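Read the structure below first, then the notes.
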């Protein structure tokens, strides 16, 4: 399955690295390999994607966001934060949208942003930086 990297994903990666949320090693050894599992399609053949602590439907106010999903990592970095990666799956393509640190305020805000990003992807109003 095609895995599309968006400008939002790169921007959020750079911000998370700038804020020392995770190390380069953690990115290359844990996060990136998990993300690359998405290339094998959806629904995923990998057991990890059956675990709600790792993968799930994106929701806003308890309502599922159509075509929106989240990858989840716990105890990331020295701050032991919960890292989330927003993913959109549309027309047999997977779009990496953005990463963020989960907290009570960030989660609803990021889910609202994901909804807008999915609309922009549908309209072709986003920047594709590459395909993994």
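Read-outs: derived from the displayed coordinates by stated rules, not from any lab. Everything quoted here is computed from the prediction, not taken from an experiment. Please note: Cβ atoms are built from the backbone with ideal geometry, for glycine as well, and neighbour counts cover all protein chains shown.
Each part reduced to its alpha carbon centroid, region 79-132 and region 1-60 end up 10 Å apart. Per-residue ellipticity at 222 nm for the chain, helices alone: DSSP H runs ≥ 4 residues times -39500 (n - 2.57), over residue total, nearest 500 deg cm²/dmol? After summing the helix terms and dividing by the residues of the chain, the value is -8000 deg cm²/dmol. Along its three principal directions, the equivalent ellipsoid of region 93-132 from the Cα gyration tensor extends over semi-axes of 21, 13, 7 Å, largest first. When each of the peptides 115-127, 86-98 is scored by the mean number of other C-beta atoms lying within 10 Å of its residues, the order from highest to lowest reads 86-98, 115-127.
When you restrict to C-alpha pairs under 8 Å that are six or more residues apart and normalise by the size of region 2-131, the relative contact order lands at 33 percent. Note on residue 40/residue 120: beta-carbon distance plugged into 1/(1 + (r/R0)^6) with R0 of 22 Å gives a FRET efficiency of 0.25.
Taking only the alpha carbons of region 34-74, we obtain Rg and Dmax values of 10.6, 30 Å in that order.
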